[in-house]
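A short worksheet on the structure shown next.
The values are calculated or read from the model by the stated rules, or taken from the named source; none is laboratory data. Bear in mind that the values here come from a model prediction, so they are computed numbers and not experimental data. In this analysis, Cβ positions are derived from the backbone assuming ideal geometry, glycine residues included, and neighbour counts consider all displayed protein chains.
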Amino acid sequence: DATQDFCLADAPTVADLQVNEMGVTFYTTATGGTSIASTTTLVDGTTYYASLTLGTCESATRLAITVTVGNAATPTTTDATQDFCLADAPTVAYLQVNETGVIFYTAATGGTVVSSTTALVDGTTYYASLTVGTCESATRLAITVTVGNAATPTTTDATQDFCLANAPTVADLQVNETGVTFYTAETGGTAVPAITALVDGTTYYASLTVGSCESATRLAITVTVGNAATPTTTDATQDFCLADAPTVADLQVNETGVTFYTAATGGTAISPTTALVNGTTYYASLTVGTCESAIRLAITVTVGNAATPTTTDTTQDFCLADA
């Protein structure tokens, strides 16, 4: 081939010129001139002249070989130091370059092409090359990568117990760090608002954010939301007589160990010796473990009282003869 193509990235020299004979000498002139060392770098567009030597005689006519040394441009980027988050599982495909069809290496020269699915490694410099025809970029673009990762949050208890009566929310989950975000998925998903009610048997996943990066591994917290049943009664409206001095202990419920309040929620437990008050509604709650009934039983009380008789004379006189 009298017109030979090379790639600048391969650093071609005179020794790479193809001739069919051995012991060929090269020049840059058709006649005369000084022979060129085989280590001389080929120059794009140059014609080199090959000559054979037999004894003390060289070729009267030299072979002309015209050289093309191709070079693909170096790729470009808007940021030679690129930041990623480990939680996003970034790969070589995430590297930002302005051109298409770019190939990446982990070496400035030589080396093996890195697959676009290869995970990025924090602190590594990747080198981008373009290919035009059969030639790659002689100078590769260097991109240094930072892969950030926020630590996984911690807790003193990965299985946390709550009571439905306390209306527990995501904000009640115990973690040792501040600014924690919760999800109901181990990866991905949408953040759960802090005011969201906890659901019995659900596992919540906690993540920290440092800069723009969240934890790659989330903390799992499994929740139990206990609830004692509402007590029952045969009569939600109970009647008593004041003369009997009825107390809270006289209220009829079908269960034992019931606690009474004068409020449907909250409030302070009433002593069983507390006198019942006419027209008052009392609220009964059961306790199972550390949890009370989320819904209390309402019992409305009537305490009846017959009036004391009256007289016009509290000292009355009679005659035995009147029998």
When Gly289 is run through (1) more than 26 Å from Asn305 (Cβ to Cβ); (2) surrounded by 13 or more Cβ atoms within 10 Å (Cβ to Cβ), the failure sits at (2)
What's the number of the only condition in (1) surrounded by fewer than 19 Cβ atoms within 10 Å (Cβ to Cβ); (2) in a loop (DSSP other than H, G, I, E, B); (3) in contact with a strand residue (DSSP E or B) (Cβ under 7 Å, 6 or more places away or on another chain); (4) not hydroxyl-bearing (Ser, Thr, Tyr) that Asn98 fails to meet? (3)
Taking the stated definitions as given, is Leu297 more than 24 Å from Asn166 (Cβ to Cβ), of a type in the set (A, V, I, L, M) and at pLDDT 95 or above? no
Within region 59-84, the residues that are in a strand (DSSP E or B), closer than 18 Å to Leu17 by Cα and among the polar types (S, T, N, Q) are Thr66, Thr68
Positions within region 3-20 being modelled with pLDDT under 95 and part of a loop (DSSP other than H, G, I, E, B), in sequence order: Ala11
Residue check: is Thr106 within 30 Å of Ser207 (Cβ to Cβ), surrounded by 12 or more Cβ atoms within 10 Å (Cβ to Cβ) and within 59 Å of the chain's Cα centre (by Cα)? no
Is it the case that Tyr282 is touching a Lys or Arg at 6+ places or on another chain (Cβ under 8 Å) and modelled with pLDDT of 95 or more? no
Which residue, of Ala87, Ala138, is over 30 Å from Glu292 (Cβ atoms), over 21 Å from the mean Cα position of the chain (by Cα), surrounded by 12 or more Cβ atoms within 10 Å (Cβ to Cβ) and not assigned by TED's automatic domain parsing to the domain that holds Ile295? Ala138
Selection within region 215-232 - under 9 Å from the mean Cα position of the chain (by Cα) and at pLDDT below 95: Ala216
Which pairs have Cβ atoms under 7 Å, sit 6 or more apart or on different chains, and link a residue in region 305-323 that is under 26 Å from Leu242 (Cβ atoms) to one that is surrounded by 10 or more Cβ atoms within 10 Å (Cβ to Cβ)? Asn305/Leu242
Test set (1) surrounded by 11 or more Cβ atoms within 10 Å (Cβ to Cβ); (2) not in a strand (DSSP E or B) - Phe260 fails condition number: (2)
Inspect all residues belonging to region 58-65 and state whether any of them is of a type in the set (Ser, Thr, Tyr) and farther than 27 Å from Gly133 by Cα. yes
When you look at Thr53, is it among the polar types (S, T, N, Q), modelled with pLDDT of 95 or more and out of contact with any Phe, Trp or Tyr (no Cβ under 9 Å at 6 or more places or on another chain), yes or no? no
